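Report on the structure given below.
The values are calculated or read from the model by the stated rules, or taken from the named source; none is laboratory data. Here the structure is a predicted model, which means the values were calculated and not measured. No Cβ is skipped: glycine too gets one built from the backbone with ideal geometry, and neighbour counts run over all protein chains shown. Remember, those area values only see protein heavy atoms, side chains included, never the ligands or the DNA or RNA. Shrake-Rupley method; radii C 1.70, N 1.55, O 1.52, S 1.80 Å.
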Amino acid sequence: MTAIKRIVTAAAAAGAVAGLAFVPATQALASPNGSFIGGFHKITTVGSTVPGNGDVNPYGIVVLKHNAGKLRAGHILISNFNNKANLQGTGTTIVELSPGGRRTLFARISARSLPGRCPGGVGLTTALAVLRGGWVVVGSTPSRNGMASTSSAGCLIVLDNQGHVRETISGHGINGPWDATSLNLGKHADLFVTNVLNGTKAANGTVVHRGTVLRLRLRLFSHRAPRLQAVTRIGSGFAQRTDPAAFVLGATGVGLSRTGTLYVANAENSKITAIRNAVTRRTSAGTGALLTSGGALNAPLGLTIAPNGNVLTVNGGNGKIVETTPSGKQIDSRFLDRSGSPAGAGALFGLALAPHGRGVYYVDDAVNTLRLLH
């Protein structure tokens, strides 16, 4: 077994990748064609994601694996991108929902009280991860008026398990952190973050190929905030552009496989690519190897890895979830939301596996709810 396989296999055995539930495929239902989602036929609304301050547009989602402070195992943590006035890039809250739908406020983050630099302030994105000890990392890609033209580079905001902001991480290539996943490795964690603002605003809606994926190595401690040790750009050249409805279209969903491949969904060109050796590589793989494009994909956003190793993505363009094998074959898709015109457009963003692979949690932005496909 290679070093990378030993690292990732050990982490998988401990359930260490944020947002993923590593379980044997035999524990999850499957359809005759090997599809993971093919075993599920019901959609249940878990509850509203709207906190007391009225924030809307739920983006990031993580299923919690351990009790720590306010965080309860099996609960779902969700970040909001819009404020009460529905302005993008102005959401400041993270909510926690129980599987039964009970909602509590985990954190409301004030730009004025941030302990470190975060250019532009607070506008929470899909970049949401939970590290060992209950340290929560959330991306901020803020806007002054809800438009990408007034957005700023933002930062990563680190909170303790009580919901208190303890530090910010900015610079080092962080520019519009859009989505993230993490790998816990004992006293360290690797955080993989997509960035969508490199040259994007200046292009004023024209496609630029400057999106990046960064790997941040963090040193973990029990009673003080993680410390940034190294940043490596492992992906670059992703297509991206500003969009009035979607804020920015570019590299969004990321998911790490057991073999150390990082899959990246790009909403701009409806592609999923694969960055090999994501945990150990020292140079950029560019956009990675093409896994699949077109077909059932229509502006894929959120991404996670099914227990059978297949890649699950949700479409921002048509309200569908799509399942793709590691060989690049799209084997299943279905509607999760048919509202709006065209049907399902703008409804889906983040998704995560339910514990033991018994379903897929996803946020429905059209109605600001958490739902479960099971």
For ALA245: the one exception among (1) over 23 Å from THR168 (Cβ atoms); (2) open to solvent by less than 30 Å² (accessible area, probe 1.4 Å); (3) of a type outside the set (Val, Ile, Thr); (4) in a loop (DSSP other than H, G, I, E, B): (2)
Inter-residue pairs, beta-carbon under 9 Å, first assigned to a loop (DSSP other than H, G, I, E, B) and in segment 248-277, second among the aromatic types (Phe, Trp, Tyr), 6+ apart: GLY250/TRP178; GLY250/PHE238; SER257/TYR263; ARG258/PHE22; GLU268/PHE238; ASN269/PHE238
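Can you confirm whether ASN184 is crowded, with 19+ Cβ neighbours inside 10 Å and of a type outside the set (Asp, Glu)?
Values: crowded, with 19+ Cβ neighbours inside 10 Å: yes; of a type outside the set (Asp, Glu): yes.
Yes, satisfied.
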Condition met for GLY54 (of a type outside the set (A, V, I, L, M, F, W, C), farther than 23 Å from ASP179 by Cβ, at pLDDT 95 or above and open to solvent by 20 Å² or more (accessible area, probe 1.4 Å)): no
Among (1) part of a strand (DSSP E or B); (2) free of Cβ contacts under 8 Å to residues at least 60 places away in the same chain; (3) of a type outside the set (Lys, Arg), the one test that ASN184 misses: (2)
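Pick out the one residue from LEU312, LEU291 that is touching a Leu at 6+ places or on another chain (Cβ under 8 Å) and open to solvent by less than 40 Å² (accessible area, probe 1.4 Å). Spell out how you get there, then give the answer.
Values: LEU291 fails: touching a Leu at 6+ places or on another chain (Cβ under 8 Å).
Being touching a Leu at 6+ places or on another chain (Cβ under 8 Å) and open to solvent by less than 40 Å² (accessible area, probe 1.4 Å) holds for just one of LEU312, LEU291, which is LEU312.
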Filter pass, SER222 being crowded, with 24+ Cβ neighbours inside 10 Å, touching a residue at least 40 places away in the same chain (Cβ under 8 Å) and at negative phi: no
Hits in segment 54-92 (condition: part of a loop (DSSP other than H, G, I, E, B), over 16 Å from ILE157 (Cα atoms) and of a type in the set (S, T, N, Q)): ASN67, ASN83, ASN86
